[in-house]
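**Q** First the structure, which I've put down as structure tokens, then a few questions once you've had a look.
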Amino acid sequence: GWVVLHCPALRGPAALRPRHLRPLLLADHLAQLLRTQRVGVRLVPALAEEGSRELLRQLRVEWPSGCGGSDLPGTVSALKEALGRSPRAAGCEQGPGRAALPEDVICKVHLKSFVEQQGLVGYDPNLDVLLVTEGKLRSLAELQQAVLECAVTLCCALLQAAGQGSHCSIVHVVSCEEEFQQQQLDLLWRILDPGAHTALQKHLVCGPVKVTNPSSPIGADQYFQLRKRQMYEASVMKYGELAQDEAWTEVIDTLTAAAIRFEMLSTAHRSQITLDLEDSSISTKGTKSGAFVMYNCARLATLFDTYQRAVEQGTYPPLPPASELNFSCLREEGEWLLLFNYLLPFPEVLQQAAQLPAPTKGIRITANTETVCKFLIQLSMDFSSYYNRVHILGEPFPHLFDQMFARLRLLGAVRDVFHSALATLHLPPLSQI
């Protein structure tokens, strides 16, 4: 089937804040996870703000830009007509009721009576009357168009695979601060378009993002620049003048994006996140940071680059095919740990992270979106322990080649897992650090 991932944070103020980044990065990651399971994904809304677009580019977020579909005004008009016909709308026509409404309000809609009549559960009991504006209808129109485009794609797919049913579901990825407003839009859409697709709406709610030690309310761009400066200072401290070279600009940018993504995504989405802006340890040091994961990915790249150069110089022979290797040479506990804890379960890890279960009661769903980050952190810890203990590229003696080749083939598979997992986070593997 298809999933429409809707991130209302992009409809908010032009200046994004850290709390807006959490649902945005989660939606971006979830989209990639769903694609690994061959699920079609549509991202809504289209990004219009130029400033937000640049920040998202720095964070490696791939989000569609533009102003919506070509028929958006027509869809808005159709929704206005449905609003005028709805028995739950009031004040649409000129009269005493209309005079009491603000100028930018089209009419008001009674949500509470609709919830009670339909027997819907999981909605905020304080939902009552919604003042409908042009902006709210435009939001629904974008969602409507995304669903229609999915339906067209699904129809073509069904013609090719006759008899296999499919569907398009809508997941609103929202912060806890936006949940109430999104429930209002959810109900408005159900009222104006009582089709089967509007009944498939689910709400994936993110917990709060608490920022400690802020001198003033901090924007998402300031947060990015702060982490980038901390990453640069830590790199200079560790690598000296090397880290000031122009070639390191891209490395620092990637490490910053990784640090922020792991800060936002390695905690279960429903739990609170605390960002300590004065403490750089979460973004530059320690075994649970994005920088630590990227560092170990780069160590693998360096290992294979060193081996390849040695092959070209005639020090080692080329790596034989896996079918010719003697894997019984792998006797280290760490080698079997890498195989059984990471290489073999990895496809299941991706599948689990991409699961979107139907809500058991109400409209909220939970997802395992922290799975990949936690997997990468644990893999990095165990790989680092093994790599620090075992000398992979030994002396160039033929009687040692069997073990070296088996280890290289094993670590080549570990490298592939790193790359595949990082791809779901839109993070490129680093070749140096």
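**Q** Just the accessible area for Lys80, please: 1.4 Å probe, Å², rounded to the nearest 10?
**A** Per-residue accessible area (Lys80): approximately 80 Å².
**Q** Can you tell me the orientation of helix 290-312 relative to the chain, as the angle in degrees between its alpha-carbon axis and the longest Cα principal axis, to the nearest 10?
**A** Relative to the chain, helix 290-312 is tipped by roughly 40 degrees.
**Q** Follow-up question, since we're still on this one. So how far apart, in nm, are the two label points at Asn341 and Met237 if each is 7 Å from Cα heading toward Cβ?
**A** For the pair Asn341/Met237, the computed spacing is 2.9 nm.
**Q** Also, quick follow-up: Return the percentage of antiparallel bridges among DSSP beta bridges fully within the chain, rounded to the nearest 5 %.
**A** 25
**Q** For the range 275-386, how big is the tail of P(r) above 19 Å, as a whole percent of Cα pairs?
**A** Result for the distance tail: 66 percent.
**Q** May I pose another question? Would you mind getting me the FRET efficiency between Phe304 and Lys210? Use the beta-carbon distance for r and R0 = 30 Å, nearest 0.05.
**A** According to the calculation, E is roughly 0.15.
**Q** Still on this structure, I have one more. Determine the gain in length on full extension of the stretch Ser385-Asp71; use 0.36 nm per residue of separation and subtract their C-alpha separation, reporting nm with one decimal.
**A** On the way: separation 314, 0.36 × 314 = 113.04 nm, distance 5.65 nm.
Stretched out fully, the Ser385 to Asp71 stretch lengthens by 107.4 nm.
**Q** Whenever you get a sec, compute what percent of the accessible area on the range 260-362 sits on carbon and sulfur atoms (1.4 Å probe). Could the numbers behind the result be given before it?
**A** Values: 2740 of 5370 Å².
Using a 1.4 Å probe with all protein chains present, the range 260-362 comes out at 51 percent carbon and sulfur.
**Q** Calculated from the structure, P(r) over Cα pairs in 20 Å bins from 0, in percent equals which of [x] 22, 55, 22, 1; [y] 22, 47, 24, 6, 0; [z] 25, 53, 21, 1?
**A** Only one listed value fits the structure, namely [y].
**Q** Using +1 on the beta carbon of Lys and Arg, -1 on that of Asp and Glu, and nothing else charged, what's the dipole of the chain about the Cα centre, debye to 20?
**A** 840
**Q** Here is a further query. Leaving out ligands, DNA and RNA but keeping every protein chain, what accessible area does Asp402 have, in Å² rounded to the nearest 10, with a 1.4 Å probe?
**A** 80
**Q** Counting only GluC sites (Glu not before Pro) that sit in a DSSP loop (anything but H, G, I, E, B) with at most 12 other Cβ atoms within 10 Å, what is the longest stretch of the chain containing none of them?
**A** Longest site-free region, per DSSP loop and neighbour criteria: 279-433.
**Q** For Glu312 and Leu393, FRET efficiency with R0 = 25 Å and r from the beta-carbon atoms, rounded to 0.05?
**A** So the FRET efficiency works out to roughly 0.95.
**Q** Ok, one more. What FRET efficiency comes out for Ile218 versus Leu400 if R0 is 60 angstrom and r is the Cβ-Cβ distance? Round to the nearest 0.05.
**A** With a Förster radius of 60 Å, E is 0.65.
**Q** Around Leu148, what is the net charge, scoring Lys/Arg as +1 and Asp/Glu as -1 over all other residues with Cβ under 13 Å from its Cβ?
**A** Once all neighbours under 13 Å are counted, the net charge is -3.
**Q** Please work out how much length the chain gains when fully extended from Ala78 to Ala322, using 0.36 nm per residue of separation minus the C-alpha to C-alpha distance, in nm with one decimal.
**A** The Ala78-Ala322 span can extend by a further 81.7 nm.
**Q** Determine the sum of side-chain charges near His203: Lys and Arg each +1, Asp and Glu each -1, restricted to other residues whose C-beta is under 12 angstrom from that of His203.
**A** With Lys, Arg at +1 and Asp, Glu at -1, the neighbours total -1.
**Q** Now a separate question. Grab the other residues whose beta carbon is less than 14 angstrom from that of Pro217, score K and R as +1, D and E as -1, and report the net.
**A** Local net charge: +1.
**Q** Could you pull out every one of the lysines with an alpha carbon less than 22 Å from that of Lys112, ignoring same-chain neighbours closer than 8 positions?
**A** Partners found: Lys80, Lys136, Lys202, Lys361.
**Q** Go through Ser216, Cys206, Gln183 and say which Cα lies farthest out towards the positive end of the charge dipole of the range 174-228; charges sit on Cβ, +1 for Lys and Arg, -1 for Asp and Glu.
**A** Ser216
**Q** Identify, among Leu43, Phe418, Leu343, the residue whose Cα sits farthest towards the positive end of the charge dipole of the chain, taking +1 on the Cβ of Lys and Arg and -1 on the Cβ of Asp and Glu, with the dipole about the Cα centre.
**A** Leu43
**Q** If each residue of separation counts as 0.36 nm, what is the full-extension length gain between Gln272 and Glu348 once their alpha-carbon separation is subtracted?
**A** 24.7 nm
**Q** Kindly sort Lys108, Lys202 by accessible area of their heavy atoms, largest first, with the probe set to 1.4 Å.
**A** Correct descending sequence by accessible area is Lys108, Lys202.
**Q** Which value, in Å², gives the accessible area per residue of the chain when a 1.4 Å probe is used on the protein heavy atoms?
**A** Per residue, the chain has an accessible area of 47 Å².
**Q** Based on Cβ point charges of +1 for Lys and Arg and -1 for Asp and Glu, what charge dipole magnitude is obtained for the range 191-276 about its Cα centre, in debye rounded to the nearest 20?
**A** Result for the range 191-276 is approximately 500 debye, rounded to the nearest 20.
**Q** Taking amide H positions as placed 1.01 Å from N in the peptide plane, with prolines and chain starts having none, which residues 5 or more places from Thr369, or on another chain, fall under 5 Å of its amide H?
**A** His269
**Q** OK, next. Would you mind checking the range 403-433 for residues with the amide N under 16 Å from a putative spin-label position 7 Å along Cα→C-beta of Thr36?
**A** Backbone N within reach: 413-429.
The values are calculated or read from the model by the stated rules, or taken from the named source; none is laboratory data. What you see is a predicted model; the values in this text were computed from it and never measured. Here the Cβ is made from the backbone with ideal geometry for all residues, glycine too, and neighbour counts use every protein chain on show. Accessible surface areas use protein heavy atoms only, side chains included; no ligands, DNA or RNA. Shrake-Rupley method; radii C 1.70, N 1.55, O 1.52, S 1.80 Å.
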